[in-house]
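See below for the structure under consideration.
The values are calculated or read from the model by the stated rules, or taken from the named source; none is laboratory data. Just so we're clear, the structure is a prediction, and the values are computed from it rather than from any experiment. Because the Cβ atoms are built from the backbone with ideal geometry, glycine has one as well, and the counts that use them run over all protein chains shown. All accessible areas refer to the heavy atoms of the entire protein, side chains included, with ligands and DNA or RNA removed. Shrake-Rupley method; radii C 1.70, N 1.55, O 1.52, S 1.80 Å.
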Amino acid sequence: MTLANFDVLSQKYADLITSVGVNVQKGQDIVIYADVEQVPLVHKIVDSAYARGANNVMIEWQDIHIQREFLKHASEDSLTNIPTWVSVRAEELMGKHTTRISLISADPDGLGSVDGERVSAYQQAYQRANQAVRKATMNNDVSWLVVAASGQAWAEKVFPELSGEAATDRLWEEIFKITRVGVENDVIADWMAHVNKLKEKAQWLNDLNFKELHYKSAVTDLTVGLAEDHLWEAADSIDKAGNMFVANMPTEEVFTAPDYRNIHGTVTSTKPLSYAGVLINDIKLTFENGHVVEAHASTGEAVLQQLIKTDEGASSLGEVSLVPDPSPISQSGIVFYNTLIDENASDHLALGAAYPFNLKGGTQMDVEARKAKGQNDSLVHVDFMMGSADMDIDGITYDGQVVPVFRNGDWA
């Protein structure tokens, strides 16, 4: 690594991840999901977590080459019959309230050469086997974090004019910039100020308690109902033990739960979606009575169609999220081909499950009680970006008033 001050910056990043990101508590167990390329950063995160009193820090190493070869060559039976130990491990980890850190760094199109139906078949089977982890995460039972690290194949896709270490360094520069990690600054104080600013926006929206949002741009005309007793959330969350954490770094969004029964119109994506290692471009969805009735994409359409067919909830929405176009990530003009970062440059929606905490008392309700309030349920939760500089959003109140929320892509 030739990036100036990389050791200092990566150490500050590791400390940010363990302090503000997952807010490691004494005696806590942690699992880190990371690509084999990320050993140096993982070592720093491990050291930082133990310094904060962690009990056991486990690593699940990932290698996209190995995954790609398995998906290409494994029998149909192996693709869809996930070993029992996956479910057992998921239940044991969540039974111990294990904190989760996901380091995203792999090639966003690394599985693009694999048949889309094979990718989807494995993805759906694995989601079912790993349900305990998904459920605990969606419910904020545990603290969790998704955060980026620069990987060479990903960096070369973002900066095609560069290669090797030059590309990796350039992506690291951007990651440090958008996560507020600098050589001189107090990164933790800067993050807490940012969190508080986003909380003010969420509070404003909660006070207004809209019935619906209407999105309008050159390529989108969509009305999305909001779940009864919905709550807008910002950057920070509270886990079951009462500890604050920040689930995404970077984050520029406020988000809530739509009413899956009340979604009408068309929406077009404005950035590529990397899902299951496949790039899906130019998504266009038409909704009637809350569900997708037509879906198209210029690339990755087979994977998109399979995603929507995962279960009944996968054809509806579980999240609406507002991100101003003037946000730092959007203004960088860089397409990162990575949902964690791109979703914080753009308004986005998520196909699939809603977060129970986006409903008053939702974490204490069963699925049927939440569905009665309009919250969607599914095995999947997949964000796609649809915001733009010409996006107008109106909030519609229960008594029919129309309140401007966004004008030309920014807070009204």
Could you check, for segment 144-157, whether at least one of its residues is without any contact (Cβ under 8 Å) to a residue 40 or more places away in the chain, on the phi < 0 side of the Ramachandran plot and surrounded by fewer than 19 Cβ atoms within 10 Å (Cβ to Cβ)? no
All positions within segment 254-268 that are farther than 19 Å from G300 by Cα, open to solvent by less than 10 Å² (accessible area, probe 1.4 Å) and touching a Ser or Thr at 6+ places or on another chain (Cβ under 9 Å): V254, T256, P258, I263
Anything in segment 53-92 that is in a helix (DSSP H, G or I), open to solvent by less than 90 Å² (accessible area, probe 1.4 Å) and either at pLDDT below 95 or within 17 Å of G110 (Cβ to Cβ) (or both)? List them, or say none. I64, Q67, R68, E69, F70, L71, K72
Checking the conditions here, which among Q67, Q38 is under 26 Å from A136 (Cβ atoms) and in contact with a Leu (Cβ under 6 Å, 6 or more places away or on another chain)? Q38
Can you tell me which of (1) over 30 Å from G400 (Cβ atoms); (2) at pLDDT 95 or above; (3) crowded, with 22+ Cβ neighbours inside 10 Å; (4) not aromatic (F, W, Y) is the one V224 doesn't meet? (1)
Here's a check for you: in segment 292-305, which residue that is touching a residue at least 12 places away in the same chain (Cβ under 8 Å) and surrounded by fewer than 19 Cβ atoms within 10 Å (Cβ to Cβ) is farthest from P108 (Cα to Cα)? A295
Pick from segment 368-396 the residues that are under 20 Å from L349 (Cα atoms) and assigned to a helix (DSSP H, G or I): which of them is least open to solvent (accessible area, probe 1.4 Å)? R370
Count of segment 306-339 residues which are among the β-branched types (V, I, T) and crowded, with 20+ Cβ neighbours inside 10 Å: 5
Lone qualifier among A155, A136 - being within 21 Å of F357 (Cα to Cα), modelled with pLDDT of 95 or more, assigned to a helix (DSSP H, G or I) and aliphatic (A, V, I, L, M): A136
List the strands (runs of 3 or more DSSP E) inside segment 220-324, counting only whole elements, that have at least 3 residues being over 30 Å from E69 (Cα atoms) and under 16 Å from the mean Cα position of the chain (by Cα). 254-256, 317-322
Yes or no: T168 open to solvent by less than 20 Å² (accessible area, probe 1.4 Å), over 20 Å from the mean Cα position of the chain (by Cα) and among the β-branched types (V, I, T)? yes
Look through Y50, Y13 and report the one residue that is surrounded by fewer than 19 Cβ atoms within 10 Å (Cβ to Cβ), at pLDDT 95 or above and of a type in the set (S, T, Y). Y50
Tell me the residue from K284, K240, K271 that is over 16 Å from E319 (Cα atoms), buried (at least 22 other Cβ atoms within 10 Å of the Cβ) and basic (K, R), please. K271
Scan segment 171-184 residue by residue and report those that are surrounded by 12 or more Cβ atoms within 10 Å (Cβ to Cβ) and over 18 Å from Y337 (Cβ atoms). F176, R180, V181, G182
Among (1) assigned to a helix (DSSP H, G or I); (2) of a type in the set (A, V, I, L, M, F, W, C); (3) in contact with a strand residue (DSSP E or B) (Cβ under 7 Å, 6 or more places away or on another chain), there is one condition L111 misses while meeting the rest; what is its number? (1)
Can we say L41 is closer than 28 Å to Y122 by Cβ, assigned to a helix (DSSP H, G or I) and within 24 Å of the chain's Cα centre (by Cα)? yes
Hits in segment 340-367 (condition: open to solvent by less than 30 Å² (accessible area, probe 1.4 Å) and either assigned to a helix (DSSP H, G or I) or in contact with a Lys or Arg (Cβ under 7 Å, 6 or more places away or on another chain) (or both)): L340, I341, D342, E343, N344, A345, S346, P356, F357, N358, L359, G362
For segment 93-114, which residues satisfy the criterion of being over 30 Å from F245 (Cα atoms) and open to solvent by less than 30 Å² (accessible area, probe 1.4 Å)? G110, L111, V114
How many of the residues making up segment 187-208 are without any contact (Cβ under 8 Å) to a residue 40 or more places away in the chain and either more than 27 Å from D399 (Cβ to Cβ) or open to solvent by 50 Å² or more (accessible area, probe 1.4 Å) (or both)? 10
